Number of protein chains: 2
Amino acid sequence: MQKLGSAEIVQLLLAITLMLGFGRAFGELFRKIKQPAVVGEILAGIFLGPTIFGTIFPEIQQFIFPSIGLVTISLDAIVNLSIIFMLLVVGLEIDLAVVIKQGTAALTTGTLGMIIPFIFGAAAAYFAPSIFGSQPDNLLIFSFFIGTALAISALPVIARTLMDLKLFKTKMGMTIMAAAMFNDLMGWIIFSIFLGLVGSSSHGGTVWETIGFTLLFTFIVLIFVRKLFDKSLPYIQSRLSWPGGILAFVMVSSLIGAILTELIGVHSIFGAFIIGVALGDSVHLSEKTKFIVHQFITNIFAPLFFVSIGLKVNFIQAFDPVIVLVIIVLGFLGKIIGCGFGAKISGFNNNESLSIGFAMNSRGVLEIVLSLVAIQSGIISEEIFVAIIILVLSSSVLAGPLMSYFTKDSRKYSFMDLIDSKSIIVSNYEKKDDQIKQLCKVASDRYKLNYDEISSRVIQRENLIPTGIGNFVAIPHAKVKINKPIVTIGINKKGLDFEAPDHQLSKIIILLLTPEDKNELQLQLLADVANKFRDKEKISSLLNISSEEEFMSKIKEELA
Amino acid sequence: MQKLGSAEIVQLLLAITLMLGFGRAFGELFRKIKQPAVVGEILAGIFLGPTIFGTIFPEIQQFIFPSIGLVTISLDAIVNLSIIFMLLVVGLEIDLAVVIKQGTAALTTGTLGMIIPFIFGAAAAYFAPSIFGSQPDNLLIFSFFIGTALAISALPVIARTLMDLKLFKTKMGMTIMAAAMFNDLMGWIIFSIFLGLVGSSSHGGTVWETIGFTLLFTFIVLIFVRKLFDKSLPYIQSRLSWPGGILAFVMVSSLIGAILTELIGVHSIFGAFIIGVALGDSVHLSEKTKFIVHQFITNIFAPLFFVSIGLKVNFIQAFDPVIVLVIIVLGFLGKIIGCGFGAKISGFNNNESLSIGFAMNSRGVLEIVLSLVAIQSGIISEEIFVAIIILVLSSSVLAGPLMSYFTKDSRKYSFMDLIDSKSIIVSNYEKKDDQIKQLCKVASDRYKLNYDEISSRVIQRENLIPTGIGNFVAIPHAKVKINKPIVTIGINKKGLDFEAPDHQLSKIIILLLTPEDKNELQLQLLADVANKFRDKEKISSLLNISSEEEFMSKIKEELA
């Protein structure tokens, strides 16, 4: 049986290690600065690919990431599997009930948010193909591609941005999610039509056969297979080992979907996606199972795919400023005008409509896959490919800050967002006031605040009504002149008397400072803290630590 | 860039789907009959491979699992990655502290349990190579291989068997685990020496260089890198997203280990294994992280590897009864005598010593990898390969039943082992006695017991002291003439008055029958149930169900 030799295995492992290592590292870095991880992962690929690493050390780069040979094929197979599983996860995130519940607003926003950018892109490409620097063989297909590439939003990026901004469960958030899900579903149908048009089907079917089979597949899976999954999942989960059985069931199902759509002549990922939608719709697929599938795939498989993008093209050589500008302007304007207008006529105010437009403007995996197919079929040039990747990157990067700016009044904070290891201090003061003062000092040093004012306010408040809430926790707090809430946490293993109702000394002292004008925010955060620190066992485990880092690591795990 | 075509992708996906689907299905089937899943997975491979599927439908089998071509190479790459990650998990399971704590008993058992079967195997091979049906080129290497193949135990299989039998946390269980861990570590060192001997190192190093580097690598990782991991894990977990960051860190680390050992000239999995040991040793690597890594790898990657074994050889053609018999007799006798004797002189009684011997007799992944290397290097014939796989299967299958027989007095039961969806009935009786009678009826019908006697005993006990424990739960119980405990659960949504201390009606009625002569077992199980049903929120979620299947599925998830 044919197999890889030792040298090839080393090469393959090296490639995967670098892709995964750099991908995740860049991804984490971007998360730190409140950006989508996918942006970091794509940049990691550009760094490892011909653009940077390959320009500086062309031989080493070609050794690790060769463009032909058994290692390349193996890597391609692994990337193919990665993207199938990734689309399964995207599908799992789609909740048909949400789409239906948000009704008209979502449909209006979603539809206009597709049609307008599609028209912008397709019209520009059809009437002025020269601004895209190319003389396409088939103008119709080319225009169709440009329209589609500008029209599809990135559901996972949008969901992430909404979660980061604590907007996920607001009315606006749900409308955006529903519109994005609708957009995604429609986008795939258009995508399959596109694939039919370019005739990537090597199975001899005509365009109309491919499209017909695709619609039939979608219909059967979403109507019948979805019900079948819903009926059989409790059975499967009760009979098979958990989570092993259900995990394998989910992945095998998505692979079967992938095989079927690949046979139809559409890309395999379409099948995985639709199976994901059908599976994710069942209430019997538990959050825990979704969590395990989701974590493994987004953290291990997804980076491999996103990094692989950058390996294909030299982004500097193929960078054409005019094409990039055209694509970005058309893409941004089309999406923001389309979605914003849709949201406006659905009853949202100006700021909200703009925010919805910025959110929906995020692009992601679908554009990338579409462009890969297009470049491989010779429909677009490397320059257009690079421009679309840059559209993906810039629209995703800008969504967060722009939305954040236009929604700053309606956002919510949670305790977990307000802490990091710098806001935790282990100490052993023996007086309550000293402990409080230290926490105020840390907060005021870090955020350049007036220490005297803060500490006197907190101590005053504490003397009025002590803030021990039991379970070894106290929450001294005050409203002060700041723009966003601040939390610092003191760990005092001896414990201090904050007069808790259970007469226990307080060992976790959480200083909570909130803006003066936001009464509700203070109440909400106090409730959040009290709620988080409900479970005595978990708190005992939190106290069993030896450093601030360790406390932070445990708090994330135990209370998240 | 070279890539797979659509037809090849279909072929690859088909191969993976069948491997994963059949592997997991057979694995689950074997778990159901209390056998190690790995046995089912290997048998699934034999079914899909040339032995059965290939004999009936040779063309289809060759189309899906061809022996040359790009798909074969891709599959080989994926299987290679699978086994690297699998060995990472095996490494994570090794707890150096346990090995050291169990001290002399474990060392004695582990050492004798290696030396005796090694001598049995090596001596037989050296002095009578003909009984193995072969005339080896290098008798020394051949004998060394046979000795090693018989001497290594399978840690994961042993751990699984001990958990199934509820012996994991007994003194005997910990001794077995420690001995098996020690055996595993030693086995790898011997394995690396073997690889040095066969000169599979294509890197020009001599045998002694390979062995030297291997020992150096092991030493550095277990001493320094282990400490480094322990120090940096809290930092990594507090700084990076959870569990994404740590997941990627664990996998990248194991890949780096794999690369280094492959470069040294040892198999890449050795590096992944040692890195796993070093990582798993840190108390900062949380159970939850291990759980996610473990679940995904053992349920998705491991089946791919185990199934792939069966694809390589026709197990019927290469089946030689004499060789199989020789290998099984030598393997069983060597291991059981060696370990049993070691246990005996460490102070265990006869039954315990025999049980330890049977447990340690389990073989697994190490033998398989070793044999793969050996067959590829031309050291052994297909017949010996098949015999060793049969040794792996039979020793693993027999470990459970044999241990079960010899330890039947010292085993423990837990509530979760005693229930399945057949033991749950939704009903709406309005009288307590009717509910109890129904549960007794179900239990006595299923296990052919005397219904009248059981129901009268339970009702009598209930009238004496009502068994409502609060939180909507009641536990009517009695001691009756049975060999092992029986549980049946009634769900009564209206609720019945079992006079619970919190004055709530009982909606989950758990009938617990235990053997007459085992007082402690009844107390232990009552405590287990009370403990499991402590959390009111979880119980409410359990009651929100519409079928027995669903209850079983939720109970697994919520209370496991």
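The values are calculated or read from the model by the stated rules, or taken from the named source; none is laboratory data. It should be emphasised that the depicted structure is a prediction, and the values quoted were computed from it without experimental measurement. Every residue, glycine among them, receives a Cβ derived from its backbone with ideal geometry; neighbour counts consider all protein chains shown.
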Need pairs with beta-carbon distance below 6 Å; first residue within 11 Å of chain A (Cβ to nearest Cβ) and within the range B:297-312, second surrounded by 24 or more Cβ atoms within 10 Å (Cβ to Cβ) and not in a helix (DSSP H, G or I); sequence gap 6+ or separate chains.
B:Leu311/B:Phe65
Among all residue pairs at least 6 apart or on different chains, which show Cβ distances below 9 Å where the first residue, located in the range A:1-17, is within 20 Å of B:Pro66 (Cβ to Cβ) and the second is of a type in the set (Asp, Glu)?
A:Met1/B:Asp76; A:Gln2/B:Asp76; A:Lys3/B:Asp76; A:Leu4/B:Asp76
Does the range B:507-522 contain at least one residue that is surrounded by fewer than 18 Cβ atoms within 10 Å (Cβ to Cβ), under 14 Å from B:Ile425 (Cα atoms) and not aromatic (Phe, Trp, Tyr)?
no
For B:Tyr413, which of the numbered conditions (1) in a helix (DSSP H, G or I); (2) closer than 24 Å to B:Lys171 by Cβ fails to hold?
(1)
Please go through (1) within 14 Å of chain A (Cβ to nearest Cβ); (2) out of contact with any strand residue (DSSP E or B) (no Cβ under 6 Å at 6 or more places or on another chain) for B:Ile539 and return the number of the only condition it doesn't satisfy.
(1)
So the helices (runs of 4 or more DSSP H) completely within the range A:2-82 holding 3 or more residues that are aromatic (Phe, Trp, Tyr) and buried (at least 18 other Cβ atoms within 10 Å of the Cβ) are A:6-32
Look at A:Gly121 and say whether it is closer than 23 Å to A:Gly147 by Cα and touching an Asp or Glu at 6+ places or on another chain (Cβ under 6 Å).
no
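Considering only the range B:12-33, state which residues are facing chain A (nearest Cβ under 7 Å) and over 13 Å from the mean Cα position of the chain (by Cα).
B:Leu12, B:Leu13, B:Leu14, B:Ile16, B:Thr17, B:Leu20, B:Gly21, B:Arg24 - these are the residues of the range B:12-33 that are facing chain A (nearest Cβ under 7 Å) and over 13 Å from the mean Cα position of the chain (by Cα).
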Lone qualifier among B:Phe191, B:Phe182 - being at pLDDT 80 or above, hydrophobic (A, V, I, L, M, F, W, C) and in a helix (DSSP H, G or I):
B:Phe182
Residues that are of a type outside the set (A, V, I, L, M, F, W, C), crowded, with 21+ Cβ neighbours inside 10 Å and facing chain A (nearest Cβ under 9 Å): does the range B:214-231 have at least one?
no
Here is a check on your reading of the model: is B:Thr148 within 18 Å of B:Val326 (Cα to Cα) and either assigned by TED's automatic domain parsing to the domain that holds B:Ile190 or within 19 Å of the chain's Cα centre (by Cα) (or both)?
yes
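Each row is one residue, and each column tells you yes or no for (1) facing chain A (nearest Cβ under 10 Å); (2) out of contact with any strand residue (DSSP E or B) (no Cβ under 7 Å at 6 or more places or on another chain); (3) at pLDDT 85 or above.
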residue: B:Pro243; (1), (2), (3): yes, yes, no
residue: B:Met251; (1), (2), (3): yes, yes, yes
residue: B:Ile275; (1), (2), (3): no, yes, yes
residue: B:Leu279; (1), (2), (3): no, yes, yes
Can you find a residue in the range B:227-236 that is basic (Lys, Arg) and touching a Pro at 6+ places or on another chain (Cβ under 6 Å)?
no
Would the range A:73-89 turn up any residue that is modelled with pLDDT under 90 and of a type in the set (Val, Ile, Thr)?
yes
Hey, could you check the range A:335-370 for residues that are of a type in the set (S, T, N, Q) and buried (at least 24 other Cβ atoms within 10 Å of the Cβ) and say which is farthest from A:Ser143 (Cα to Cα)?
A:Ser355
Being touching a Leu at 6+ places or on another chain (Cβ under 8 Å), over 30 Å from B:Ser232 (Cα atoms) and either in the same structural domain as A:Asn428 (by TED's automatic domain parsing) or in a helix (DSSP H, G or I) (or both), is that true of even one residue in the range A:451-470?
yes
Every listed condition ((1) within 27 Å of the chain's Cα centre (by Cα); (2) part of a helix (DSSP H, G or I)) holds for A:Lys484 save (2)
Hey, among A:Lys493, A:Lys507, which residue is in contact with a Gly (Cβ under 7 Å, 6 or more places away or on another chain), in a strand (DSSP E or B) and either over 15 Å from A:Phe415 (Cα atoms) or among the basic types (Lys, Arg) (or both)?
A:Lys507
Single residue of A:Leu70, A:Leu75, A:Leu87, A:Leu81 found to be closer than 28 Å to B:Val71 by Cβ and touching a Gly at 6+ places or on another chain (Cβ under 8 Å)
A:Leu87
Do the conditions hold for B:Leu140, that is, is it at pLDDT 80 or above, assigned by TED's automatic domain parsing to the domain that holds B:Gly113, within 21 Å of B:Met114 (Cα to Cα) and over 30 Å from the mean Cα position of the chain (by Cα)?
yes
With the first residue restricted to the range B:72-101 and required to be more than 8 Å from chain A (Cβ to nearest Cβ) and touching a residue at least 60 places away in the same chain (Cβ under 8 Å), and the second required to be hydroxyl-bearing (Ser, Thr, Tyr) and surrounded by fewer than 24 Cβ atoms within 10 Å (Cβ to Cβ), Cβ contacts under 7 Å at 6 or more apart or on different chains are B:Val89/B:Thr298
Residues that are buried (at least 24 other Cβ atoms within 10 Å of the Cβ) and of a type in the set (Gly, Ala, Ser), drawn from the range A:267-286:
A:Ser268, A:Gly271, A:Ala272, A:Gly276, A:Ala278
If you scan the range A:34-71, which residues turn out to be within 21 Å of A:Val365 (Cα to Cα), β-branched (Val, Ile, Thr) and either more than 14 Å from chain B (Cβ to nearest Cβ) or out of contact with any Ser or Thr (no Cβ under 8 Å at 6 or more places or on another chain) (or both)?
A:Val39, A:Ile42, A:Ile46, A:Thr51
